[in-house]
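Chemist: Handing you this structure, nothing more for now.
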Amino acid sequence: MKKKSKIILGVCIVAAVLIGISIWNAWFSATKIAFVNFQTIQQGSISKANDNSFIKLSEVSLANLDRLSNYDMVFVNGMGLRIVEEQRQQIQQAADKGVPVYTSMATNPTNNICNLDSVQQNLIRRYLSNGGKTNYRNMLNYIRKAIDGKTYSTTEMEDPVERPSDMLYHAGISNPDDELEFLTVTDYEKFMKDNNLYKEGARRIIITGQMADATDLIKALEKEGYNVYPVQSMTRFMSFIDEVQPDAVINMAHGRMGDRMVDYLKTKNILLFAPLTINSLVNEWENDPLGMSGGFMSQSIVTPEIDGAIRPFALFAQYEDKEGLRHSYAIPERLKTFVSTINNYLNLETKPNKDKKVAIYYYKGPGQNALTAAGMEVVPSLYNLLLRMKQEGYNVSGLPANAQELAKMIQAQGAVFNSYAEGAFDEFMKNGNPELITKEQYESWVKESLRPEKYAEVVAADGEFPGNYMVTSDGRLGVARLQFGNIVLMPQNAAGSGDNSFQVVHGTNAAPPHTYIASYLWMQHGFKADALIHFGTHGSLEFTPKKQVALCSNDWPDRLVGAVPHFYLYSIGNVGEGMMAKRRSYATLQSYLTPPFLESSVRGIYRELMEKIKIYNNSAKENKEQESLAIKALTVKMGIHRDLGLDSITNKPYTEDEIARIENFA
């Protein structure tokens, strides 16, 4: 009997526990909401609006759609959703099992999976489309109470609040999580004045776009003394900008602003910046050799270029919160550089020309080689530029009487030397008046501009400072330059070492040597240039490692340009490499025309070679070796093998890959 009582008691306890669990799951447990393919900025805003600990939000990747059945509600962003049939079925199976699924903006009708009734769909659509903290919070509580059916830990829900599509906005002063909205510039400026944010006579900057949380950028610019106008507008942006009359517009771009806006900015001479939002976590982006690609690159870099935006500088990236949800924020170290960049560009408008310091880099070969640029007579063109700058009020004191004298000065004081030219090098260090950089100076600049791991790459490749090139007996590093008043002319040193000059100029995977780095760091921190100019197509800066676009602080062009406004005189006939200069060295291009073309017989030199390559490509396998040797004989005779780094052993045929390289070269 006693044993039977114990069994009954045990059964009752188990039943009570099961009932308790059932009641808990039905009425009290957390509401788990999944987001699939949602934009980080919107998903992050929804997460920040959630103040209910019984509502748990999760991002579910396309690889884990089989887990959707474990959630109480699923949101799917259908815009640009690229899934295979198996993945589509996983979403559908979750819906068939009774999991509420809401799909928005489906660009593919077969992805438009939704099992909510029309009333629920309408409410959620209005909550999402109006956005904002209040609407998102009410939406989450509505899902918990009305869709998940749990009444514990829910607040009274309000209907969606219709928010204006055209407004200025600002974070709350006492509570930064508050979203303050203003319908007019007058109301916004009153708010700024009431909260000591308005500075009489200060420069004005408009921030627009919705790709990331701009709060930190707004704060940083306000701290620098700007009047900042964050604008979110679909139809009245032209009206807002016309009333604000900004000095610059910062567009967190995802597409074009349009021809009308471009014409307005041109007419008013307003700078347009388009900092980049990275669509991945910071560490993932920093390790990505591409940086950005595909449609995101098109919308964030290519189309803003059409609008005339400058400085495609990666500023925002994603961070994960404690729940694993992602938010797009400004990267602190890059925010500092970006704000300095804004300062430096806008200062060019107000600083007197006589006080502006300008560093002009030119490209030349070692020793007595001439200055080179595609389609340009460099020294006469450079001299004309200096004369024009003098006419415009720049301090160009000491400028020689003519271009020929300038050329002589460059060969004497602005030369580049091969490591083996010891006699010429010693003479230059004695009489060429180089800038001599001490270890203390160099290391202080390195600390300011480079991460420790980047400098470790330099030491590994080139040894400790000062290296073994352009070095004095007391351990200082020489940087060649000619200085005329506030204008300094500088040769671009070799970005690497080796006999393949084409590869050195067009990029290696090695860190640049001390001489290369010291030149640019002296330009930034020693000379303190107000502007940087690269004169002619082209140098090597835009080809230094590593990322393709959307550079980070581990990429050499990003570090060597720093926050200095950069202008590049570039041949209009070289669009592809010009784009690299814009995107990898943040250059604003000033195109120059190619010289007139005259028919010549030069191509005839290559005709015989191309004919032999054609015969090789069409010949049978047993004849390949003979045809290859014929190609090699001509290649060696023309000296092409030296440019391509190929051997000159005449009885050893070139490989198929080597012949393809010759064909591309010729």
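The values are calculated or read from the model by the stated rules, or taken from the named source; none is laboratory data. Because the structure is predicted, anything quoted here is derived from the model rather than measured. Methodologically, a virtual Cβ is constructed for each residue, glycine included, from the backbone with ideal geometry; neighbour enumeration extends over all protein chains shown. For accessibility, only protein heavy atoms count, side chains too; no ligands or nucleic acids. Shrake-Rupley method; radii C 1.70, N 1.55, O 1.52, S 1.80 Å.
Chemist: So which chymotrypsin sites (Phe, Trp or Tyr not before Pro) in the stretch 578-666 end up in coil per DSSP with only 14 or fewer other C-beta atoms within 10 Å?
Modeler: Answer by residue number: 597.
Chemist: If you put +1 on each Lys and Arg Cβ and -1 on each Asp and Glu Cβ, how big is the dipole of the stretch 233-312 around its Cα centre, in Debye rounded to 20?
Modeler: 240
Chemist: Taking amide H positions as placed in the peptide plane 1.01 Å from N, state which residues far from residue 588 in sequence (5 or more) or on other chains have amide H under 5 Å from it.
Modeler: Long-range HN contacts for residue 588: 566, 567, 568.
Chemist: For the chain, what ratio Rg/Rh do Cα atoms give with a Kirkwood hydrodynamic radius?
Modeler: Taking Rg over the Kirkwood Rh, I get 1.08.
Chemist: Over 20 Å between C-alpha atoms is what I'm after, so list which of 56/133; 219/454; 266/547 land there.
Modeler: Result: 219/454; 266/547 exceed 20 Å.
Chemist: Oh, and also: So if I take the alpha carbon set of the stretch 128-167, get Rg, then get Rh from the Kirkwood formula, what is the Rg over Rh ratio?
Modeler: 1.05
Chemist: Further question on the same structure: Residue by residue through the stretch 563-580, what is 3J(HN,Hα) from phi via Karplus (6.51 cos²θ - 1.76 cosθ + 1.60, θ = phi - 60°)? Round to whole Hz and write x for glycine and proline.
Modeler: 9, 7, x, 10, 10, 9, 7, 9, 5, 5, x, 10, 5, x, 6, x, 5, 5
Chemist: Per residue, what accessible area does the chain have, given a 1.4 Å probe and all protein chains present, in Å²?
Modeler: Using a 1.4 Å probe on heavy atoms only, each residue of the chain averages 49 Å².
Chemist: A further question on this structure: Which of the lysines could a cross-linker span from residue 354 if the Cα-Cα distance has to be under 20 Å and same-chain partners fewer than 8 positions apart are dropped?
Modeler: Partners within reach: 390, 528.
Chemist: Let me ask another. Note the angle between two axes, namely the Cα long axis of helix 439-449 and the longest principal axis of the Cα atoms of the chain, as a number of degrees from 0 to 90, rounded to the nearest 10.
Modeler: 40
Chemist: Give me the percent of accessible area attributable to carbon and sulfur for the stretch 511-666, probe 1.4 angstrom.
Modeler: Whole-percent figure for carbon plus sulfur exposure: 52.
Chemist: If you keep only loop residues by DSSP, which trypsin sites (Lys or Arg not before Pro) in the stretch 53-89 have at most 13 other Cβ atoms within 10 Å of their Cβ?
Modeler: Taking the stretch 53-89 and a limit of 13 other Cβ atoms within 10 Å, the loop trypsin sites (Lys or Arg not before Pro) found are 82.
Chemist: Expected output is a single nm value to one decimal: the length gained when fully extending between residue 409 and residue 263, i.e. 0.36 nm times separation in residues minus the C-alpha distance. What is it?
Modeler: 48.2 nm
Chemist: Okay, next question. Among all the lysines, which ones have a C-alpha under 17 Å from residue 439's C-alpha, if same-chain residues fewer than 8 places away are not counted?
Modeler: 447
Chemist: I've got another one for you. Which trypsin sites (Lys or Arg not before Pro) does the stretch 250-355 hold that lie in a coil by DSSP with at most 16 other beta carbons within 10 Å?
Modeler: 322
Chemist: Calculate the spin-label point distance for residue 606 paired with residue 333, positioning each point 7 Å from the Cα along the beta-carbon direction, and give it in nanometres.
Modeler: Inter-label distance under the simple model: 4.4 nm.
Chemist: Take the chain, mark every one of the GluC sites (Glu not before Pro) that falls in a DSSP loop and has at most 15 other Cβ within 10 Å, then report the longest stretch left between them, sites excluded.
Modeler: Here the longest run is 1-155.
Chemist: Report, ordered by chain and residue number, the aspartates and glutamates lying within cross-link reach of residue 322, taken as a straight Cα distance under 19 Å and ignoring same-chain residues fewer than 8 apart.
Modeler: Partners within reach: 51, 59, 177, 213, 284.
Chemist: Another one. How big is the dipole moment of the chain about its Cα centre under a simple scheme where the beta carbon of each Lys and Arg is +1, that of each Asp and Glu is -1, and everything else is neutral? Debye, nearest 20, please.
Modeler: In debye, rounded to 20, the chain gives about 960.
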